[in-house]
Amino acid sequence: MEKNVAYCGRHLWAAVMAGLVLVLCGCAGRQTVPSVEGTYTYKHAFSYDLDGHHFDVDETGTMNFCADGTALDSARQVYRVKNAVGDTSTLVFTYVSPSRWRLEGEDLYFAGIKDLFRMTTVGGADTLAQRIVDVVGGSIDYEYRFHLDTLSDERLQWSFTYRDGHSDTWVFVRDGNAAK
């Protein structure tokens, strides 16, 4: 009987140790999922038409995602404007958009906070500049659903598909990784 107890005790101990090893190995091999929270830099370009003008826009900015679901998008936007008769001009804006965000699976929902949004012209305003500010400000609080393409320790990439079917992609480089 004592041999059976000792034999069972050894097997029980071996089974417990084997289970422990499996658990430890499983945890050690598991990668942690990076979080969205952090500060990123980005460069982005887009174009659109409005009121007979064509705009090619380049923006360089910083995006701060906070754990409480708020974000701050700050950018310098350069609008190259071509009107209907072919004349061109350049408008430069400072864009600051306190925002809200949330992540659901592979979708990142993002909306500006209209009352806190600011977009000002660098070097003086004109009628066209004010029209741009009004249009952008008028849609800032809409909650956009972006597809989260990439989330790593180095970068965040999201994409958006417009109603007309074309897509746009933004690449955000996490601070401290710009040289990578």
A chain fully extended from ARG102 to VAL171 at 0.36 nm per residue, minus the present Cα-Cα distance, gains in nm 23.1 nm
Computed over the Cα atoms of segment 95-180, the Rg and Dmax in Å are 15.3, 43
Summing +1 per Lys or Arg and -1 per Asp or Glu among the other residues with Cβ less than 12 Å from HIS54's Cβ gives -2
Extension length gain for THR41 and TYR109 (0.36 nm per residue less Cα distance), in nm, is 22.6 nm
With segment 126-175 reduced to its Cα atoms and the Debye formula applied, log10 I(q)/I(0) at q = 0.31 1/Å amounts to -1.05
Once HIS44, HIS147 are ranked on solvent-accessible area with the largest value leading and a 1.4 Å probe, the list reads HIS147, HIS44
For the ARG145, SER89 Cβ pair and Förster radius 30 Å, calculated FRET efficiency rounded to 0.05 is 0.30
Placing each pseudo-label 7 Å from Cα in the direction of the beta carbon, ASN64 and SER159 end up separated by a distance in nanometres of 3.1
Given unit charges at Cβ for Lys, Arg (+) and Asp, Glu (-), the dipole magnitude of segment 75-153 about its Cα centre in debye, nearest 20, is 340
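The values are calculated or read from the model by the stated rules, or taken from the named source; none is laboratory data. All values derive from a computational prediction rather than experimental measurement. Heads up, the Cβs are rebuilt from the backbone with ideal geometry, glycines too, and the neighbour counts pull from every protein chain shown. Accessible surface is based on the protein model in full, side chains and every heavy atom, while ligands, DNA and RNA are left aside. Shrake-Rupley method; radii C 1.70, N 1.55, O 1.52, S 1.80 Å.
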